[in-house]
Amino acid sequence: MAAVLGDLWRNVRVLLGQIQRQALSPAFSNTINGPFTKSARCMNQAAPQLQPQSDRNDNEDISKEFVNRNPRNLEQMALAVKDRGWGTVWPSNQYYHRLVFIRSQNYITAEIFAPHSSSPVLSCSSKEWALKRELASTNSVSASQAVGEVLAQRCREAGLLRLTFRVVPWTFRSESVKKFRVAMKGGGIKLCEPRRKYVG
């Protein structure tokens, strides 16, 4: 009896295997549409493989075009182009910002110019009432020191920490120019600009 049941069970398994193989073939599925074939197809279909989700974010893409919204970035990194001009021109045009010290008969004025600009970026003068009322004389050595201190503070507020300062050689050793230079350096301003870096 056990041998008969074992043969019967083997035949049933073979028959079920043939039905399942035929259920997966497209010709059989087109001819027979029944609940058994659908269930057999569902049971034998492999689970869909999940695609790995990438952590890529479109906001992190690097743009090929770069727009420099702050032109002083290149200047502060010493990468901006300096105008060479003619070698015989004095003072030379190779600067980002130039400091000009003017001592007239009555007043002392200091101005900062950008290249190819006739109007100053920053200026300070003993003509200003805030300075004039504190000074005994508007063209003395103490006036040039006061102008230097005030201009250094304005330069720090504007972010101009390095300037080119060239004066006429025969006035370089004058006492007023010396005091002006010391006041600017004491205010944290360097009176020389870095050499331009050439990136190949």
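The values are calculated or read from the model by the stated rules, or taken from the named source; none is laboratory data. The shown structure was predicted, so the numbers you read here are calculated from the model rather than taken from an experiment. All Cβ positions, glycine included, derive from the backbone under ideal geometry; neighbour counts span all protein chains shown. Accessible surface areas use protein heavy atoms only, side chains included; no ligands, DNA or RNA. Shrake-Rupley method; radii C 1.70, N 1.55, O 1.52, S 1.80 Å.
If you check 130, 136 for being outside any helix (DSSP H, G or I), free of Cβ contacts under 8 Å to residues at least 40 places away in the same chain, aliphatic (A, V, I, L, M) and surrounded by fewer than 13 Cβ atoms within 10 Å (Cβ to Cβ), only one passes: 136. Sort out which residues of region 170-184 are of a type in the set (Gly, Ala, Ser) and in contact with a helix residue (DSSP H, G or I) (Cβ under 8 Å, 6 or more places away or on another chain), and write them in order of number. 176, 183, listed by residue number.
Checked against the criterion of being in contact with an Asp or Glu (Cβ under 7 Å, 6 or more places away or on another chain) and in a helix (DSSP H, G or I), the candidates 183, 152 yield just one match: 183. Residues that are surrounded by fewer than 18 Cβ atoms within 10 Å (Cβ to Cβ) and in a strand (DSSP E or B) within region 81-113 comprise 100, 102, 111, listed in sequence order.
Any idea how many residues of region 139-148 are surrounded by fewer than 18 Cβ atoms within 10 Å (Cβ to Cβ) and under 17 Å from residue 184 (Cα atoms)? Count: 3.
The combined condition, being among the β-branched types (Val, Ile, Thr), surrounded by 12 or more Cβ atoms within 10 Å (Cβ to Cβ), closer than 22 Å to residue 83 by Cβ and touching a Cys at 6+ places or on another chain (Cβ under 8 Å), is fulfilled by residue 164. The residue list 157, 175, 193 contains one member that is within 29 Å of residue 70 (Cα to Cα), acidic (Asp, Glu) and without any contact (Cβ under 8 Å) to a residue 60 or more places away in the chain, which is 157. Suppose the filter is among the hydrophobic types (A, V, I, L, M, F, W, C), under 27 Å from residue 78 (Cα atoms), out of contact with any Gly (no Cβ under 6 Å at 6 or more places or on another chain) and in a loop (DSSP other than H, G, I, E, B); does residue 160 pass it? So residue 160 passes the test. For region 26-41, state whether one or more residues are over 30 Å from residue 112 (Cα atoms), at pLDDT 60 or above and more than 60 Å from the chain's Cα centre (by Cα). Among the residues of region 26-41, not one is over 30 Å from residue 112 (Cα atoms), at pLDDT 60 or above and more than 60 Å from the chain's Cα centre (by Cα), which makes the answer no.
When residue 182 is tested against the conditions (1) buried (at least 17 other Cβ atoms within 10 Å of the Cβ); (2) modelled with pLDDT of 90 or more; (3) of a type in the set (A, V, I, L, M, F, W, C), the lone failure is (1). Quick check on residue 52: is it within 27 Å of residue 185 (Cβ to Cβ), open to solvent by 60 Å² or more (accessible area, probe 1.4 Å) and at pLDDT below 80? Against the criterion (within 27 Å of residue 185 (Cβ to Cβ), open to solvent by 60 Å² or more (accessible area, probe 1.4 Å) and at pLDDT below 80), residue 52 does not qualify. For residue 117, the test of being over 21 Å from residue 175 (Cβ atoms) and modelled with pLDDT of 90 or more is failed.
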